[in-house]
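Everything on this sheet refers to the single structure shown next.
The values are calculated or read from the model by the stated rules, or taken from the named source; none is laboratory data. The model shown is predicted, which means the values in this text are computed figures rather than measured ones. Every residue, glycine among them, receives a Cβ derived from its backbone with ideal geometry; neighbour counts consider all protein chains shown. Heavy atoms of the whole protein, side chains included, go into the accessibility calculation; ligands, DNA and RNA do not. Shrake-Rupley method; radii C 1.70, N 1.55, O 1.52, S 1.80 Å.
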Amino acid sequence: MNTVLIRDLVQHQAVEIKTGPFGTQLKASEYVKHGTPVLNVRNLGFSSVNADKLEMVGDETLERLSAHKLQTGDIVFGRKGAVERHAYISENENGWMQGSDCIRLRVKTASINSRYLSYFFLTPQHRAFMISMCSHGTTMASLNQKIIEMISVPMPDRKVQDKIVAILSLIDEKAKNNREINDNLAA
């Protein structure tokens, strides 16, 4: 199985990396009570989205910053803090906006299953790599595009990626069902 650097995938236009809008582009005064959710670092889980305390932007702001609109299959990393976490964007978050302190990875080729990448980013080896690369004597870990480009990913062919995703998705679904049963029993 080949191992590939994200940098090589970027160079071959198989993926793109985009940093969220900077503070000068998206001001706090542009947040509204009702609108399109903005995915910020606090909303990133482990391949999941935490929908607590979402901020929102109106249609005009979303249109102006449309380059930061999220699509199903995008993977969003936090630039500061818990750099070992990421969110896999599902259909539920399609059309949301990435926040200022986020970096988006978008797959641009059919030969890569973005869900496979997300599962790889959950491995202990990858999480340790991210922490080691982002915590050089700082009080808060910090991530940038160059570090993401240095990520090395084992890359089987697409059929194998799809089989891995199918198996892990079933396990995720069973775990989710068990949590719901336990929550119901506890209530």
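Tell me whether the stretch 3-99 comes out rounded, prolate or oblate; compute the Cα gyration tensor, take square roots of the eigenvalues as a ≥ b ≥ c, and use a/c under 1.5 as the rounded threshold. Judged from the Cα gyration tensor, the stretch 3-99 comes out prolate (a/c at least 1.5, a/b above b/c). What you get for the stretch 1-124, charging only the Cβ of Lys and Arg (+1) and of Asp and Glu (-1), is a dipole of about 260 debye around the Cα centre.
Within the stretch 26-63, the trypsin sites (Lys or Arg not before Pro) that combine a DSSP coil assignment with at most 13 other C-beta atoms in a 10 angstrom radius are 27, 33, 53.
The mean sequence distance of close C-alpha pairs (under 8 Å, at least 6 residues apart), as a share of the length of the stretch 109-187, puts its relative contact order at 39 percent.
Assuming a ≥ b ≥ c are the square roots of the Cα gyration tensor eigenvalues, decide whether the stretch 90-138 counts as rounded (a/c under 1.5), prolate (otherwise, with a/b larger than b/c) or oblate. Cα axes put the stretch 90-138 in the oblate bin. Here's the list of lysines a cross-link from residue 163 could span, going by alpha-carbon distance under 18 Å and ignoring same-chain residues fewer than 8 apart: 174. Per residue, the chain exposes an accessible area of 56 Å² to a 1.4 Å probe, with every protein chain left in place.
Legend: residue pairs 18/146; 18/108; 33/80; 33/53, Cα-Cα distance threshold 18 Å; pairs beyond threshold, 33/80. Here each label is just a point 7 Å from Cα along the line to Cβ, and for residue 16 and residue 177 those points are 3.9 nm apart. Pairs of Cα atoms nearer than 8 Å and 6+ residues apart set the relative contact order; for the stretch 22-68 it is 41 percent. The chymotrypsin sites (Phe, Trp or Tyr not before Pro) of the stretch 11-79 meeting both criteria, a DSSP state outside H, G, I, E and B (loop) and at most 16 other C-beta atoms within 10 angstrom of the site's C-beta, are 22. Note on the chain: with neighbouring protein chains present and a 1.4 Å probe, carbon and sulfur make up 53 percent of its accessible heavy-atom surface. Dipole of the stretch 74-187 computed with +1 at Lys/Arg Cβ and -1 at Asp/Glu Cβ about the Cα centre; of 119, 143, 182, farthest Cα towards the positive end is 143. Across the chain, Cα-Cα pairs farther apart than 23 Å form 45% of the total.
Between residue 71 and residue 125, the distance separating the two model label sites (each 7 Å from Cα on the Cα→Cβ line) works out to 3.0 nm. Phi-derived couplings, Karplus 6.51 cos²θ - 1.76 cosθ + 1.60 at θ = phi - 60°, listed residue by residue for the stretch 119-128: 5, 4, 5, 8, 5, x, 5, 5, 4, 5 Hz, with x used for Gly and Pro. For the stretch 1-153, relative contact order (Cα pairs under 8 Å, six or more residues apart, normalised by length) works out to 31 percent.
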